[in-house]
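Accompanying notes for the structure given below.
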Amino acid sequence: MAVAKVFKLVKRFDGLPKEDDFNLVEEELASPKEGEVLCKTIYLTVDPYMRVYVAALPLGITMIGEVLARVTESKSPDFKEGDLVASRQGWSSAFLATSDKLEKITHLPEGVPESLALGCLGMPGRTAYFGLLDVAGPVKSGETVLVNGAAGAVGTVVGQIAKIKGCRVIGYAGSDKKVEMLKSLGFDEAFNYKTVDLDESLSKAAPKGVNIYFDNVGGEFSDTVLTKHMCLFGRVPICGCISQYNKKGNEHGLFPYSEGKMLYGSILGKQLKVQGFIVTTFNDKKKEANEQLAEWLKEGKLKYKETVTEGFENTPKAFIGLLTGENFGKAVVKV
Ligand SMILES: NC(=O)c1ccc[n+]([C@@H]2O[C@H](COP(=O)([O-])OP(=O)(O)OC[C@H]3O[C@@H](n4cnc5c(N)ncnc54)[C@H](OP(=O)(O)O)[C@@H]3O)[C@@H](O)[C@H]2O)c1
C-alpha cells in the first residue's frame, strides 16, 4: 500500500504565514479501482494566490495547489504507468485520482526540466501570455510596457513576451541581483523598488508614459503609476496585488488601490482600460498558449528562471520564501 506525505492547513494565517500553520501527516492510499490512477508527485508549486484563497476554506484541509506527477499505477484507459501529469492535488507527495482530475503533459520540449510545466510552460506562463496579449492586447511594437514583481514567475515571462512583440520593457523587482537578472533577460530598464524612488526612476525610464502596466503588486506602487505615469488609452491588466496579501487586518480587502480622487480621475480622464483577470478564464485557449510558449522556448526567445527547493518537507519554507521575495523566477519544490 502506498503512503503519501501530506501538509494539512491547521491555523489561519496571521500576517506572513509561519511553518507551524501547517502539519505534516502520512496518509495511506488504497490501490486504484477502475477509472483511478495512482501518482507520485515530482514537483509542487508554491504560488502567491494560495496565501489569499485558503482564507475561505476550512482548517484541516490538505494545503491547496497544483502538482506535477508521474503515473505509477493506472486502472484508467486514458493513462499508463510513466505518464507525466499535472493535477490540483495540493501539497501531497503521492495521490490517488480519477482520470478527469489529471491533465497529461505533452507540450514540454525535449531536454527542458519537467518543472517548467508548473512555471513558464504552465499556469504562470499562461497568465503572462493571456494578461499581456488578450487583456492588454493588441500589443504594438514600440509600446512601453511596465511590469512589477518582474523577477517572479509571471513577471519574467511578461517582460520577455513584450520584448518578442517589439516593446520597450521596464521592470521593478526587490533586489539588485534581481535587477541584474532582468537585464540579462533583455529588459530595457530594471530597478530595485526598495532602493529607488518609483516616481523619479519611472519619469526618466518612460518620459512619454506607459502604454501597458502589467500589475502584479498593487498598493502604493499602482497609485503612483496610475495617477502619474499612464499614457492616453493605456491598458492595465490587473494580475495580482501581492503587496496586500500579508497585510494584517485586511486594510485594503482584496482591492489594492486607495480611493484617492486622483486615481479615479486619472483612470477616467485618460480613458484607461483597467481589467482584472483570472488565468483560468482563458482555459479554452490553454493549448495555444502552451504551444506558443514552448515554441518561443525552443527558439531561445523565452528563457526560464526557477528557484528549486529540495525536499517535500521544505514546502512551507518555500512558500514563505516566495512571499518574502527569496525566489528568482518560478518557485517550485522538488519532492
Ligand atoms: N490573475 C491570475 O490569474 C494570476 C495567476 C498567477 C499569479 N497571479 C498574481 O501574479 C503575481 C505574481 O505571481 P507569481 O506567481 O509570478 O509570483 P512571484 O512573482 O514568482 O513571487 C512573488 C514575488 O512577489 C514579490 N513581492 C512580495 N511581496 C511584495 C511586496 N510587498 N511588494 C512588491 N513585491 C512583493 C517578491 O519579489 P521581490 O523581491 O521583487 O519583492 C516575490 O518574489 C501575484 O500577485 C499573483 O497573485 C495572478
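The values are calculated or read from the model by the stated rules, or taken from the named source; none is laboratory data. Please read these numbers as outputs of a predicted model, since none were measured by experiment. Every residue, glycine as well, gets a Cβ built from its backbone with ideal geometry; the counts of neighbours run over all protein chains shown. What goes into the accessible areas is simple: the full protein's heavy atoms, side chains included, and nothing from ligands, DNA or RNA. Shrake-Rupley method; radii C 1.70, N 1.55, O 1.52, S 1.80 Å.
Table: residues versus (1) assigned by TED's automatic domain parsing to the domain that holds Asp14; (2) within 11 Å of the ligand (Cβ to nearest atom).
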site: Leu297; (1), (2): no, no
site: Gly311; (1), (2): yes, no
site: Thr315; (1), (2): yes, no
site: Leu322; (1), (2): yes, yes
site: Gly325; (1), (2): yes, yes
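Please tell me if Asp223 is over 23 Å from Val308 (Cβ atoms) and surrounded by 24 or more Cβ atoms within 10 Å (Cβ to Cβ).
Numbers: over 23 Å from Val308 (Cβ atoms): yes; surrounded by 24 or more Cβ atoms within 10 Å (Cβ to Cβ): no.
No.
I'm checking my understanding of the structure. Among residues of the stretch 278-315 that are buried (at least 19 other Cβ atoms within 10 Å of the Cβ) and small (Gly, Ala, Ser), which one is farthest from Gly125 (Cα to Cα)?
Taking the candidates together, the pick is Ala294.
Tally the residues that are part of a loop (DSSP other than H, G, I, E, B), closer than 25 Å to Lys334 by Cα and more than 12 Å from the ligand (Cβ to nearest atom), restricting the search to the stretch 113-139. Walk me through it before giving the result.
Residues of the stretch 113-139 that are part of a loop (DSSP other than H, G, I, E, B), as a first pass: 113, 119-122, 136-139.
Checking the rest, the ones that are also closer than 25 Å to Lys334 by Cα come to 113, 119-122.
If we keep only those that are more than 12 Å from the ligand (Cβ to nearest atom) as well, we get 113, 121.
Residues in the stretch 113-139 being part of a loop (DSSP other than H, G, I, E, B), closer than 25 Å to Lys334 by Cα and more than 12 Å from the ligand (Cβ to nearest atom): 2 in total.
Please work out if Gly142 is outside the structural domain of Lys330 (by TED's automatic domain parsing), open to solvent by 10 Å² or more (accessible area, probe 1.4 Å), at positive phi and within 8 Å of the ligand (Cβ to nearest atom). Full working, then the answer.
Details: outside the structural domain of Lys330 (by TED's automatic domain parsing): yes; open to solvent by 10 Å² or more (accessible area, probe 1.4 Å): yes; at positive phi: yes; within 8 Å of the ligand (Cβ to nearest atom): no.
Judged against the criteria, Gly142 is not a match.
For the list (1) within 11 Å of the ligand (Cβ to nearest atom); (2) more than 23 Å from Phe277 (Cβ to Cβ), I need the number of the one condition that Ser203 fails.
Every condition holds for Ser203 apart from (1).
Got a sec? Which of Gly155, Gly149, Gly218, Gly171 is modelled with pLDDT under 95, surrounded by 23 or more Cβ atoms within 10 Å (Cβ to Cβ) and under 18 Å from the mean Cα position of the chain (by Cα)?
Details: Gly155 fails: modelled with pLDDT under 95; Gly149 fails: modelled with pLDDT under 95; Gly171 fails: modelled with pLDDT under 95.
None of the others qualify; the one that does is Gly218.
Output the residues belonging to the stretch 2-49 that are among the hydroxyl-bearing types (Ser, Thr, Tyr), buried (at least 20 other Cβ atoms within 10 Å of the Cβ) and either within 16 Å of the ligand (Cβ to nearest atom) or part of a loop (DSSP other than H, G, I, E, B) (or both). Spell out how you get there, then give the answer.
Quick first cut of the stretch 2-49, residues among the hydroxyl-bearing types (Ser, Thr, Tyr) only: 31, 41, 43, 45, 49.
In the following step, the residues that additionally are buried (at least 20 other Cβ atoms within 10 Å of the Cβ) were identified as 41, 43, 45.
Tyr43, Thr45, listed by residue number.
So Gln89 clears everything in (1) in a loop (DSSP other than H, G, I, E, B); (2) open to solvent by less than 40 Å² (accessible area, probe 1.4 Å); (3) closer than 30 Å to Val10 by Cβ except one condition, right? Which one?
Failing condition for Gln89: (2).
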